[in-house]
1. Among the residues of the stretch B:107-122, is there at least one that is among the basic types (Lys, Arg) and buried (at least 22 other Cβ atoms within 10 Å of the Cβ)?
2. Mind listing whichever residues of the stretch A:26-60 are open to solvent by less than 50 Å² (accessible area, probe 1.4 Å), touching a residue at least 24 places away in the same chain (Cβ under 8 Å) and not in a helix (DSSP H, G or I)?
3. Checking A:THR68 against (1) open to solvent by 30 Å² or more (accessible area, probe 1.4 Å); (2) closer than 24 Å to A:TYR325 by Cβ; (3) more than 13 Å from DNA strand D (Cβ to nearest atom): exactly one of these is not met. Which one?
4. Filter the stretch A:15-65 for residues that are within 30 Å of the chain's Cα centre (by Cα), among the small types (Gly, Ala, Ser) and within 13 Å of DNA strand D (Cβ to nearest atom) and give the result.
5. Quick check: anything in the stretch A:200-212 open to solvent by 30 Å² or more (accessible area, probe 1.4 Å) and closer than 28 Å to B:ASN157 by Cα?
6. Can you name the residue in the stretch A:237-253 that is open to solvent by 60 Å² or more (accessible area, probe 1.4 Å) and facing chain B (nearest Cβ under 9 Å) and is also modelled with the highest pLDDT among such residues?
7. Check A:LYS185 against each of (1) within 37 Å of the chain's Cα centre (by Cα); (2) open to solvent by 50 Å² or more (accessible area, probe 1.4 Å); (3) under 18 Å from B:GLN345 (Cβ atoms) and name the one condition it does not meet.
8. Within the stretch A:15-24, is even one residue outside the structural domain of A:GLU250 (by TED's automatic domain parsing), in a helix (DSSP H, G or I) and within 16 Å of DNA strand C (Cβ to nearest atom)?
Number of protein chains: 2
Amino acid sequence: MSLDKRKVKILKAIIASYIDNAEAVGSRTISKKYELGVSPATIRNEMSDLEEMGFLTQPHTSSGRIPTDKAYRYYVDELWTKALGAQDKNMRQIIRIVDEEANELDSILRNSVRILSQFTKYTSFIVAPQLKKAVIKRIQLVPVDENKILLVIVMQNNIVKQVMLKLNKPIPFDQIDRISATLSKKLSGYMLEDINAQLKESLIQELYHIRENAGDSLFELVNFLSTNLGKFEDLNVYSDGITNILNLPEYNDLDKAREFISFVEDKDSVAKLFQTENENDMTVSIGHENSYKELSDCSLITATYKFNGKIIGKIGVIGPTRMDYQKVISAVKSMSEAMNEIIDQNFTEQDNNKE
Amino acid sequence: MSLDKRKVKILKAIIASYIDNAEAVGSRTISKKYELGVSPATIRNEMSDLEEMGFLTQPHTSSGRIPTDKAYRYYVDELWTKALGAQDKNMRQIIRIVDEEANELDSILRNSVRILSQFTKYTSFIVAPQLKKAVIKRIQLVPVDENKILLVIVMQNNIVKQVMLKLNKPIPFDQIDRISATLSKKLSGYMLEDINAQLKESLIQELYHIRENAGDSLFELVNFLSTNLGKFEDLNVYSDGITNILNLPEYNDLDKAREFISFVEDKDSVAKLFQTENENDMTVSIGHENSYKELSDCSLITATYKFNGKIIGKIGVIGPTRMDYQKVISAVKSMSEAMNEIIDQNFTEQDNNKE
DNA sequence: ATTAGCACTCAATCGAAGAGAGTGCTAACA
DNA sequence: TGTTAGCACTCTCTTCGATTGAGTGCTAAT
């Protein structure tokens, strides 16, 4: 049995209808709504074939058919190039809002994930860049209090991270800028995770020159740098629109809804989910293709975002397998590209001056 | 008809039972479970009286009674001092986690609201301090890029706020520390919302002394300060545990759940809700006492948190009117006090040195 | 190869019957 | 006079059979 032209037409019609209504599709519906020029009986025969081929199932013997994961897979593979080409105008327009309000990475990501979920009406995620892989450009200490100090780290990619340090001994305020300068000089070029014992030693040496009697607090400071900077927020996941699923008929069952919510609210499992996805620009995992059984009724659409040509994070949308793939794929693609642009604009070195 | 001792006992028993089970309470249940030494018939008579007095209602003629808002109000007023006295041991223990991980205000608030919701099993909120009322202590500019600069503002209360500035003209890097010092000197002591045209003028004057040809970017910088600092995040609301309500029998109805969720997910209305609450240390609004009709089946318990004796923000829990008031009130109280301590420890000036 | 016709299937809906929890009232009792 | 046993009554909730209706599969005709 082969998937001839008419079968394809019927299959697509069934998928389209099911995506729309979430209701099993009968032969009459297809013959009426979609002009195929054949009677319901013929369609019934074809549907029976399609079921045998694994593209359709029946919830029960006397009901219409619903598409299987295999059907969605076929459907997505078919529309793939088309969906990728389709730039969503509305989406692009909305994304501009992010751009205008953008300044810190945090707010860019927060806004982006919100827009993605509002636009697709599904639960959306953004995995933030792993900071520990970022390269240090400059370090500035800002005195806050007698023994509290704000450590501002500017990365090579212009992302800024700040940590409040509480030290047991007071820091010599009058030398703070010199200390900052020394830290910058010694640490720029290193990744956060690179700061090891060796580097620490030479740093201590250098800092002693500035002020000998402040050794204690400086030592504490450097200690903090070497022990804590490497493990900065390994998996920071932004999510939005989790409660959107309550609007979907497939989650009218409260238990199902609860199960879904407790899965996606757990940032660890979501982070793992995105980690297991390979590094393709875009992926679509349908139903049982997902590694987590909790998502066997869901599809996951992911994309990456980059900086300087390197993938620094991922975005994704999770919805029911019965989702508007065309729309969601192009939305995720648009968002991914928009984020690339925005991050480029906001974090690219404008000039090569190293002071 | 007066609320004699036995009526009170019965009323409390009914409330306790209803809080437990969410099911209308019958006379037999009361007479069995709670030792009152009287027959169901007697209790029926008393219940009838209590209904007449407005403390109970019947969902339908042949069902048990459920407490009215008035009953909860009476109940809460009765246990008020007791609940306030009860420090929850578990709660205090959990709160320590916040304390240990505390450094930035943001993470303190985020952790606190999470703990509050996990502990009470209800939706919890924290309204962040209004930054525009905070007094500036120090300003530090951190160069990031040719024409991008991080503005770090340390407040008198040691809260730190940073904004990334994108300027059209490059900033003179070599004078950045002098500019920072000047900004600090001129602006410290003012509130963010105080920075007006007058102050702006004198600031510009002073900065020109540093570097005349950099006037454009300095002007831009000062302009930004005066126009944007005053309107910093007027109503930053943290929330957690919104989906907890899906576990409550009263929200088995998906439409009700959706209505609730869409209300509490709207930070604006939540912020307004907390604004309308007066400045008492603790408030309890039961059912229709709430200003929003969306919350007429809910109770809101709020408390404040302070810094230097001044209220700087609010916390609150929203649950069904049938909530364990005793537990929630003491949890909110404990959290409020814990936050006071934590904020005190983290943000109090350790020393009076002004450099 | 297509299609009209028809018997068949099965979930969903509807309604009547019955169960059960609870009340209000009355009359008896301490 | 307050309390209580007894009983009829009310009303929701559950159960279960009947009905409906959408949809199928098969057969025979075109």
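The values are calculated or read from the model by the stated rules, or taken from the named source; none is laboratory data. Quick caveat, the model's predicted, so the values are computed rather than measured. Please note: Cβ atoms are built from the backbone with ideal geometry, for glycine as well, and neighbour counts cover all protein chains shown. All accessible areas refer to the heavy atoms of the entire protein, side chains included, with ligands and DNA or RNA removed. Shrake-Rupley method; radii C 1.70, N 1.55, O 1.52, S 1.80 Å.
1. Initially, the stretch B:107-122 is screened for residues among the basic types (Lys, Arg), giving B:110, B:114, B:121.
Narrowing the set further to residues that are buried (at least 22 other Cβ atoms within 10 Å of the Cβ) leaves none.
The answer is no; no qualifying residue exists.
2. A:GLY26, A:LEU36, A:VAL38, A:MET53, A:PHE55, A:LEU56, listed by residue number.
3. It is condition (1) that A:THR68 fails.
4. A:SER17, A:ALA22
5. First pass over the stretch A:200-212, keeping only residues open to solvent by 30 Å² or more (accessible area, probe 1.4 Å): A:200-202, A:205-206, A:208-209, A:211-212.
Cutting the leftovers down to closer than 28 Å to B:ASN157 by Cα gives us none.
No - not one qualifying residue is present in the stretch A:200-212.
6. So in the stretch A:237-253, the residues open to solvent by 60 Å² or more (accessible area, probe 1.4 Å) come out as A:247, A:249, A:252-253.
Remaining after also requiring facing chain B (nearest Cβ under 9 Å): A:247, A:252.
Values: A:ASN247: 94, A:ASN252: 89.
For the stretch A:237-253, the residue satisfying everything is A:ASN247.
7. Among (1) within 37 Å of the chain's Cα centre (by Cα); (2) open to solvent by 50 Å² or more (accessible area, probe 1.4 Å); (3) under 18 Å from B:GLN345 (Cβ atoms), the lone unmet condition for A:LYS185 is (3).
8. Step one: of the stretch A:15-24, the residues outside the structural domain of A:GLU250 (by TED's automatic domain parsing) are A:15-24.
If we keep only those that are in a helix (DSSP H, G or I) too, we end up with A:15-21.
Those left that are additionally within 16 Å of DNA strand C (Cβ to nearest atom): A:18, A:21.
The answer is yes; a qualifying residue exists.
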